[in-house]
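Computed from the coordinates by the stated procedures, all read-outs in this text should not be read as laboratory data. The model shown is predicted, which means the values in this text are computed figures rather than measured ones. Cβ: placed from backbone, ideal geometry, glycine included. Neighbour counts: every protein chain shown.
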Amino acid sequence: GFDSPGLSNITGDGRFLPNGFLPVLLSVIFITFSLSGSEVAAIAAGESENPEKNIIRAINSVVWRLLLFFVGSVAVLVLVIPQGAEDLLKTPYASVFDMAGLPAAGQVMNIVIFISLLSVLNSGLYTSSRMLYSLSKKGDAPKILSRVNKRGIPIWALMASVFFAYVCTTFKFVSPDKLFAFLANSSGGVTMIMYIFIAFSHLYLRKKTEKENPGTLKVKMWLFPYLTYATIAVLFIIFVAQAFIDSMRLQFFLTTLLTILVIGSYFLFYHKKNVIIPEQEGKLKKIHVKEG
């Protein structure tokens, strides 16, 4: 029932980027947070039998999947949905299904979204349990969280993650306008801060490894360290840009406050210093002591 638009939606005078390139840059600020979680692939590949090979495969897979499902699907929307069709843009994917004559398009999209949310929850529980496990192994979390079952799963760390997932969910019903809103508004900015810290960690650990044990560095990032510096700069610009957008200004300030509190708590409670204490037979031993 619809004539094929061909390339008419993007060809002709003013059809493609009618408002210039600035809206494209602004959209980056809004959609960057939806790409978070891609690092899960590398974490999972690290637990495989051949991590060196599988990490490279996982990272390449993430790139191709982003191009296919994000860029590819949006390309279809741009080609099919005419400009100015505000009714169709309210539910763009369901609108494309309707235009294609597929029945129950809305229900199909609800199922897709539901499966996607389950996938997000699954990856969130996976990464949080592994982080708790790692913290426990290093002595920064209760020892019980580093216990694993017969299948090698840190079961107590996983149960703790599930418990707090339920706690955060109850905030939606107990305090939707305060506690839950705080978590929701700060999550996107926290992702940017997290990636910035990952980039700084990469700078430090890569240089340290190349100096102390270069043979263990099997997977190397391209254009190091310049690409890492560029990544930090772009992420910082995206984060600060939130302060100039009305709908994201609260998120920016909440995330900044949370970051200051976390970093401050480190220097207040967990900042380590080297202490030299005498051992037997006059030898010296250097240990790490947590202040406070």
- Message: Modelling each spin label as a point 7 Å along the Cα-to-Cβ direction, I'd like the residue 68/residue 107 distance in nm, to one decimal.
- Response: 2.8
- Using a cut-off of 15 Å between beta-carbons, work out the net charge of the residues near residue 40 (Lys and Arg +1, Asp and Glu -1, residue 40 not included). +1
- Note on the structure: The distance between the Cα centres of the stretch 41-115 and the stretch 226-254, in whole Å, is 25
- Extending each Cα 7 Å along its Cβ direction at residue 163 and residue 178, get the distance between those two points in nm, one decimal. 2.4
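Applying a 10 Å radius around every beta-carbon, put 209-220, 193-204 in order of their mean neighbour count, most first. Could the numbers behind the result be given before it?
Values: 209-220: 9.6, 193-204: 15.3.
So the order, starting with the most tightly packed, is 193-204, 209-220.
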- So, in nm, how far is label residue 87 from label residue 171 when the simple model puts each one 7 Å beyond its Cα toward the Cβ? 4.0
- Rounded to two decimals, the Debye log10 I(q)/I(0) of the stretch 70-168 (Cα scatterers, no solvent) at q = 0.17, 0.25 Å⁻¹ is -0.77, -1.25
- Based solely on its DSSP helices, what 222 nm [θ] is calculated for the chain when runs of n ≥ 4 H residues each add -39,500 (n - 2.57) and the sum is averaged over all residues, nearest 500 deg cm²/dmol? -20000 deg cm²/dmol
- Length gained if residue 57 through residue 17 is fully extended, taking 0.36 nm per residue and subtracting the Cα-Cα distance, is 10.9 nm
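Compute the semi-axes of the equivalent ellipsoid of the stretch 3-162, taking the square root of 5 times each eigenvalue of the Cα gyration tensor, and list them largest first in whole Å. Don't jump to the answer; show the numbers that get you there.
Numbers: eigenvalues 348, 66, 45 Å².
Sorted largest first and rounded, they come to 42, 18, 15 Å.
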- Rg ratio (alpha-carbon, reference 2.2 N^0.38 Å) - the chain: 1.26
- Task: Add +1 for every Lys or Arg and -1 for every Asp or Glu among the other residues with Cβ under 13 Å from the Cβ of residue 92, and state the total.
- Result: -2
